[in-house]
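Each remark here refers to the structure printed beneath this line.
The values are calculated or read from the model by the stated rules, or taken from the named source; none is laboratory data. None of these values were measured; they are calculated from a predicted model. Cβ placement follows ideal geometry from the backbone for every residue including glycine, while neighbour counts extend to all protein chains displayed.
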Ligand code: SF4
Ligand code: SF4
């Protein structure tokens, strides 16, 4: 087990089977403290789950609850939660009873106090995951006597489908770095935003099968994409990767 006593924020590397001591529940004195004043990254799959939970069209959700900006390092558009300045920069979904979207809360909320990085081997294509334990002074959940491993935490927090849907997004970021290091044009930026963060409009586009798109779904694929949100997101990752790689081909002499 990792002893945790320092008051300064710190990240402690953690093996997947290594035990850590943590518990979070409504009786902790810091309840909801971590849902304020945060830089909350939203994966495309987080957006999908939240839209489904709130029964909101994705365009409306993004306008009301999220911001999109160029991501660090790659410049690929990334989404963050829009915080409420009137409520001490609160997450829009937090209330006195806790998280208002708990069954579909984003991956970062599920993972906390862990951090997870995924690396893909360039030669074998195999992904490996690495964990760390984040210890911040405001969080009083450490050292409560409830020990479990990072792997068990992932299981308990329902993170497996999130990791399945989010890890391919990390691959798209790698494609951006490798195949399209230049900033996106305005047109490319709009297309990527729609594919990743506005699945309702992206679905309409894909099913119309417009000429000139980087990737066109077959008639059989269209039937599936019309009804399956997760399949549409996997297609969106491929579509964006093709867009980024196509731009590189077009730039070649
Ligand atoms: S989505 Fe829920 S758990 Fe995550 S920051 Fe907002 S209120 Fe907190
Ligand atoms: S700050 Fe830590 S213990 Fe407190 S509610 Fe958030 S995760 Fe739970």
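Some values worked out for this structure:
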{"item": "Looking only at the range 31-47, and only at residues there that are touching a helix residue (DSSP H, G or I) at 6+ places or on another chain (Cβ under 7 Å) and assigned to a loop (DSSP other than H, G, I, E, B), the one that is farthest from ligand 2 (Cβ to nearest atom)", "result": "43"}
{"item": "Test result for residue 24, within 24 Å of residue 135 (Cα to Cα) and either buried (at least 16 other Cβ atoms within 10 Å of the Cβ) or away from ligand 1 (no atom under 16 Å from the Cβ) (or both)", "result": "yes"}
{"item": "Condition met for residue 224 (surrounded by fewer than 19 Cβ atoms within 10 Å (Cβ to Cβ) and not assigned by TED's automatic domain parsing to the domain that holds residue 108)", "result": "yes"}
{"item": "Strands (runs of 3 or more DSSP E) lying entirely in the range 74-162 (those with 1 or more residues that are under 17 Å from the mean Cα position of the chain (by Cα) and buried (at least 17 other Cβ atoms within 10 Å of the Cβ))", "result": "77-81, 114-120, 127-135"}
{"item": "Any hit, the range 52-72, residues being in a loop (DSSP other than H, G, I, E, B), within 16 Å of ligand 2 (Cβ to nearest atom) and touching a residue at least 12 places away in the same chain (Cβ under 8 Å)", "result": "no"}
{"item": "Options 187, 242, 231, 174; residue that is surrounded by fewer than 19 Cβ atoms within 10 Å (Cβ to Cβ) and under 15 Å from residue 74 (Cβ atoms)", "result": "174"}
{"item": "Check on residue 120, away from ligand 2 (no atom under 16 Å from the Cβ) and touching a strand residue (DSSP E or B) at 6+ places or on another chain (Cβ under 7 Å)", "result": "yes"}
{"item": "Test result for residue 64, modelled with pLDDT of 95 or more, surrounded by fewer than 18 Cβ atoms within 10 Å (Cβ to Cβ) and in contact with a strand residue (DSSP E or B) (Cβ under 6 Å, 6 or more places away or on another chain)", "result": "no"}
{"item": "Cβ pairs under 6 Å, 6+ apart, first in the range 127-151 and more than 19 Å from residue 109 (Cβ to Cβ), second part of a strand (DSSP E or B)", "result": "127/118; 127/120; 128/119; 130/117; 143/21; 147/19; 147/21; 149/19"}
